[in-house]
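See structure below.
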Amino acid sequence: MAKPQKRYVCQSCGSVSHRWQGQCDDCSAWNTLVEEAGAVVTPFQAKHNLQGGGRTIELIGLNSDVTLPDRLPFGIAELDRALGGGLVAGSATLIGGDPGIGKSTLLLQAAAGLARAGHDVAYVSGEEAADQVRLRAQRLGLGDAPVRLAAATSTRDILTTLGAGTPPRLLVIDSIQTMHSDLIEGAPGTVSQVRASAQELIRFAKERGTAVILVGHVTKDGTIAGPRVLEHMVDTVLAFEGERSHQYRILRSLKNRFGGTDEIGVFAMAGAGLAEVSNPSALFLTQRDEGVTGATVFPALEGTRPVLVEIQALVVRLASGATPRRAVVGWDSGRLAMILAVLEARCGLSFSTCEVYLNVAGGYRVQDPAADLAVAAALISALSERPVPADAVAFGEIALSGELRPVAHAPLRLKEAAKLGFERALVPASAAPDKAMRSTSFRTLGQFVDHLLGRG
């Protein structure tokens, strides 16, 4: 008689081990391995393979004609932008974010907008009672939207109810960590339960043509909780970023099988819910009537949308000889260390006895390598106490040799800067000139330092 195999699954990363141990070998988390029943291995299975006995599948070429999937826009331009134009029928979307960031609020607004447009929408909450969701909808002015609302955690009950009649165009599950499948043993939120519940919901979406949106919890590191396989199962992964203390929220696409992953949607939290921000540059720029040392403006690029942000630097000289501190908010700390090293080795500027603090205003996080030159300008300005011209923007990538390298979509960045009233641009020499702005180009970082310090 075949014996069932025992296996131990990490509740943090989903890795499988055949023996229990205190620490997971893959993610190094402690006390996360939980025993689960494995598959039964029979002698027949051990002796035979899967190379025969199945049905023949059809193989087609890449040049076959395929129609583009129809999009279902929400009517919320920023949300549609992040999704690539709207939802696709039968798609599965996973959205994650910190608690209280506004995931449920945004999805309730989106569901109400589709329902008012005449589409059948179902909203299932596993964390709140139906009355709580209804009260939030009334507070947001959405109480008259014909959204079908339910509070349930059983995947079987949800699919039985929705499968009895015409399937809805949109199904919102808030959240996947609260769903429970009776086919799998374990409490809701475990790796096996999240995987099994998501698989059943995604299968329903593919078979019935319903677009499913799953809300996911996040860990303390900001990553989506549960097994990483959940992100592989869905078609689109959206991350809701921002601090609850700040007004704005950024919806970023991390994965999209039906569109690009380089677009963002920007929202502002208001009394009536999340409002769209059509000009996000206004959120991240401060009004400066006079020159301020250690501040420069950088035209970042998120997909096809340029966003102007202010980069601030503070350099504090230490007289005691203590070890200087480097603190970074909104940028890569390793890249800051590289910029400081290039400034000291190639340009003769010493930061070894100074504490350096770097901040991207408004809580925005910059990942664009073109920010190197703007960061260097802020550091040079803070060290020399000479302000960067208030009407100038800077962008460019810095090499370890001190060379300034070109960046992508320079005309698009300059066009957005000119639209907001900036007149000058500090760019690498290889960047194409722009008629809308006066560009000052530099071949090396040393020339850029001499220009900011007025060395001629």
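The values are calculated or read from the model by the stated rules, or taken from the named source; none is laboratory data. Since the model is a prediction, treat every value here as computed from it, not as a measurement. Because the Cβ atoms are built from the backbone with ideal geometry, glycine has one as well, and the counts that use them run over all protein chains shown. When the accessible area is computed, the model is the full protein with side chains, heavy atoms only, and any ligands, DNA or RNA have been set aside. Shrake-Rupley method; radii C 1.70, N 1.55, O 1.52, S 1.80 Å.
Extension gain for the segment Q367 to S17, taken as residue separation times 0.36 nm less the Cα-Cα distance, is 122.4 nm to one decimal. Quote the FRET efficiency, to the nearest 0.05, computed for L254 versus R386 with a Förster distance R0 of 35 Å and r equal to the Cβ-Cβ distance. Efficiency, from the Cβ-Cβ distance: 0.30. In whole Å, how far is the Cα centre of region 396-448 from that of region 127-201? A separation of 50 Å, based on Cα centres. Here the label points at K206 and K435, each 7 Å from Cα along the C-beta direction, are separated by 5.3 nm in the simple model.
Taking Cα centre as origin and charging only the Cβ of basic (Lys, Arg, +1) and acidic (Asp, Glu, -1) residues, the dipole magnitude of region 142-237 rounds to 160 debye. Taking label points 7 Å from Cα along the Cα-to-Cβ direction, D332 and D131 give a separation of 5.2 nm.
In what sequence, highest mean first, do 316-329, 143-156, 166-179, 126-139 appear when ranked by Cβ atoms within 10 angstrom?
Descending packing order for the listed peptides: 166-179, 143-156, 126-139, 316-329.
Counting 0.36 nm for each residue step from D144 to E423 and taking away their Cα separation leaves a gain of 95.5 nm. Leaving out ligands, DNA and RNA, what percent of the accessible area of the chain is carbon and sulfur, probe 1.4 Å? Solvent-exposed carbon and sulfur of the chain make up 51 percent of the total.
Can you give the log10 of the normalised intensity I(q)/I(0) at q = 0.12 Å⁻¹, computed with Debye over equal Cα scatterers of the chain? After summing over all Cα pairs, the log10 values are -1.09. Checking Cβ-Cβ separations below 4.7 Å across the chain identifies C347, C354 as cysteines lacking any candidate disulfide partner. Peptides 265-273, 180-188 ranked from most to least packed give 265-273, 180-188, packing being the mean of other C-beta atoms within 10 angstrom over each peptide's residues. Estimated purely from DSSP H runs of n ≥ 4, each contributing -39500 (n - 2.57), the mean residue ellipticity at 222 nm for the chain is -7500 deg cm²/dmol once divided by its residues. Pairs over the 27 Å Cα-Cα cut-off, from the set K255/K415; K206/K255; K6/K103; K103/K419; K103/K415: K255/K415; K6/K103; K103/K419; K103/K415. For region 148-190, the residues whose amide N sits under 12 Å from a probe point set 7 Å from the Cα of H119 along the beta carbon direction are 168-172.
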